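Q: My structure is below; once you've seen it, I'll send some questions.
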Amino acid sequence: MGTEKKRIVDTFVSLAGIDGVSYRERKVADYLIGLWSDIRVTLTEDDSAKKIGGDTGNLYGYIEGTGKRKADTPILFCGHMDTVEPGINKKIIVHDDGRITSDGTTVLGADDRAALSTIYEAYREIKESGADHPPIELLFTVAEETYTVGASAFDYSVIKSRNAFVPDCSGEFGKYSSQEPTLIYFEIEVNGRAAHAGFEPENGINAIAVAASAISKIKQGWVNDHTSLNFGTINGGTVSNAVPANVVIKGEIRSAIHEDALLAFTYIRDIFTKEADSAGADVMFKSDVRLHAYRIIESDQSYSTLSLYKKALKKQGEELHSKKSFGGSDNNVLVRNGIDGICIFNPMHDIHTVSEYTTIPELVKMTELIKTLMLNNI
Ligand SMILES: [Zn+2]
């Protein structure tokens with residue numbers, strides 16, 4: 001293995017091997033602070049930990065531009081420190097064929113440690129080469145996997161960049177998300193009236209029946225070609241011989257168009273309200289917009305980050321591939337805060353499963369691509 005290849009593998013294996021599920025990223029953050037300080041970059045932690053109830057805040061770093069590139073416009077690189085579960089007691093295995101996996105009991109966490117590793121190695125190589133580079137901004141977030149809670153708590157007034165790269169998109173090399181959805185989480189509580197089911201059922205108002213009737217009238221799954229709706233859990237009633245007075249339903253709506261997600265929620269509200277009214281029950285709604293949709297139009301030149309990505313890929317002899325994502329990433333939050341960000345390829349496959357893997361050739365290729373993006377002189 002060449003030195004640079006060995007370094008990216010070592011960095012990745014070290015970073016991926018640190019446990020850091022959402023809200024418990026302390027060890028990952030401390031490791032990163034140390035790693036970057038070795039190459040004289042200071043990462044500062046914001047106060048998100050207490051805001052979101054975790055043990056770690058988001059890390060931010062600003063690297064001054066050098067030489068002739070000192071006054072260039074800065075570019076932001078963003079990755080998340082948390083992983084999904086199972087993510088405790090991780091053991092990383094480098095296989096002879098170049099694949100890197102966990103031991104099969106946890107996720108690998110290439111999502112998103114591969115991004116944290118390649119961003120680090122790319123900058124380290126630039127620094128060692130002595131090449132002039134523009135200012136580089138770094139943002140390493142917590143709790144991305146729980147609907148971008150960490151990124152949402154960050155204060156964007158500190159960000160100087162207009163362009164941002166968020167390597168957090170799975171698939172093939174050169175991928176980017178051309179759209180990410182709005183996601184609305186909701187809870188519906190129906191309150192009827194309890195009564196003995198055998199002695200006086202006529203005095204009860206069956207909350208389960210009200211909910212069932214409403215749900216049966218609502219289209220689920222794909223509501224249209226870009227909006228999905230799901231009732232995920234339902235909990236209600238206490239015993240078999242009482243008319244159930246209460247039921248709580250939890251679900252979500254995703255849509256590529258923000259307004260359509262709001263409309264779908266209005267539709268749910270209307271039907272539940274109507275069903276509850278006609279049965280004499282009460283209904284309460286809670287909802288939370290966890291992600292806000294955005295779209296990137298390839299033909300529109302104002303999306304300058306996309307053209308930078310496209311040019312960097314071309315330089316490496318690679319092509320751009322777009323993907324309509326129904327996932328969401330920290331980039332939803334960056335775009336919402338006026339930054340021209342794109343969620344780009346990150347070497348990770350079968351994510352959110354214990355079979356997750358990355359490969360050495362992809363880690364090497366990605367480090368090279370990020371170097372090109374950081375130098376921004378294509
Ligand atoms: Zn991710």
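Derivation of every value follows stated rules applied to the coordinates shown; laboratory data play no part. A quick note: this is a predicted structure, and the numbers were derived from the prediction, not measured. Every residue, glycine as well, gets a Cβ built from its backbone with ideal geometry; the counts of neighbours run over all protein chains shown.
Q: So which GluC sites (Glu not before Pro) in segment 182-277 pass both tests, a DSSP loop state and at most 13 other Cβ atoms within 10 Å of the Cβ?
A: Hits after loop and neighbour filter: nothing returned.
Q: Is there a quick way to get the dipole size of segment 102-182? I mean about its Cα centre, with the Cβ of Lys and Arg at +1 and of Asp and Glu at -1; what is the value in debye to the nearest 20?
A: It works out to roughly 240 debye.
Q: Okay, next question. Can you give the FRET efficiency for Arg162 and Ser216, using 1/(1 + (r/R0)^6), R0 = 56 Å, r = Cβ-Cβ distance, to the nearest 0.05?
A: Once the sixth-power term is evaluated, E becomes 0.70.
Q: Same structure, new question: Treating the angle as unsigned and between 0 and 90°, give the value, to the nearest 10°, between the Cα long axis of helix 258-279 and the longest Cα principal axis of the chain.
A: 20
Q: By how many degrees, between 0 and 90 and to the nearest 10, does the Cα long axis of helix 360-375 differ from the longest principal axis of the chain?
A: Helix 360-375 sits at roughly 80 degrees to that axis.
Q: Which percentage, to the nearest 5, of the DSSP beta bridges contained in the chain is antiparallel?
A: Roughly 70 percent of the beta bridges in the chain run antiparallel, per DSSP.
Q: Quick one: grab Rg to one decimal and Dmax as a whole number for segment 130-170, Cα atoms only, in Å.
A: That works out to 12.8, 39 Å for Rg and Dmax.
Q: I would also like to ask the following. Where is the GNM fluctuation largest for the chain (alpha-carbon springs, 10 angstrom cutoff): Ala194, Ala261, Ala16?
A: Ala194
Q: To the nearest Å, what is the center-to-center distance of segment 74-102 and segment 169-218, using C-alpha atoms only?
A: 35
Q: Let me ask something else about it. Binning every alpha carbon pair distance of segment 200-322 at 5 Å from zero, what are the percents per bin?
A: Calculated over all Cα pairs of segment 200-322, the distribution is 2, 9, 15, 15, 12, 10, 8, 7, 6, 5, 4, 3, 2, 1, 0, 0 percent.
Q: Put +1 on the Cβ of every Lys and Arg and -1 on every Asp and Glu Cβ in the chain; which of Phe12, Ala197, Asn241 then has its Cα farthest towards the positive end of the dipole?
A: Positive-most Cα among the choices belongs to Phe12.
Q: For segment 276-378, take N as its residue count and report Rg(C-alpha) divided by 2.2 N^0.38 Å.
A: After normalising by residue count via 2.2 N^0.38 Å, the value is 1.53.
Q: For segment 30-133, taking Cα atoms only, what is the radius of gyration to one decimal and the Dmax to the nearest whole Å?
A: Spelled out, the Cα radius of gyration and Dmax of segment 30-133 are 16.5, 49 Å.
Q: So which trypsin sites (Lys or Arg not before Pro) in segment 1-78 end up in coil per DSSP with only 15 or fewer other C-beta atoms within 10 Å?
A: Answer by residue number: Arg40, Lys70.
Q: At a threshold of 8 angstrom on Cα-Cα distance, excluding pairs fewer than six apart, so keeping six or more, what relative contact order does the chain reach in percent?
A: Values: 873 pairs, mean separation 86.9, N = 378.
After rounding, I find 23 percent.
Q: Right, here's the next one. For the Cα atoms of the chain, what angle does the longest principal axis make with the long axis of helix 26-38, in degrees from 0 to 90, nearest 10?
A: Approximately 20 degrees, to the nearest ten.
Q: Using the Cα centre of the chain as the reference point, and only Cβ charges (+1 on K/R, -1 on D/E), how large is the resulting charge dipole? Debye, rounded to the nearest 20.
A: Values: 40 positive and 53 negative charges, 149 e Å.
Dipole size: approximately 720 debye.
Q: Let me ask another. Once both labels are modelled 7 Å past Cα along the beta-carbon direction, what's the Val239-Ser302 spacing in nm?
A: With each label point 7 Å from Cα toward Cβ, the separation is 6.4 nm.
Q: When the convex hull of the C-alpha atoms of the chain is computed, what volume per residue in Å³ does it have?
A: 151
Q: Would you grab the residues whose amide H sits under 5 Å from the one on Ser178? Only those 5+ places off in sequence or on another chain, please, with H modelled 1.01 Å from N.
A: Answer set, sorted by chain and number: Lys323, Lys324, Ser325.
Q: Moving on to the next point. In segment 83-177, what trypsin sites (Lys or Arg not before Pro) fall in a loop by DSSP, with at most 16 other Cβ atoms inside 10 Å?
A: Lys91, Lys160, Arg162
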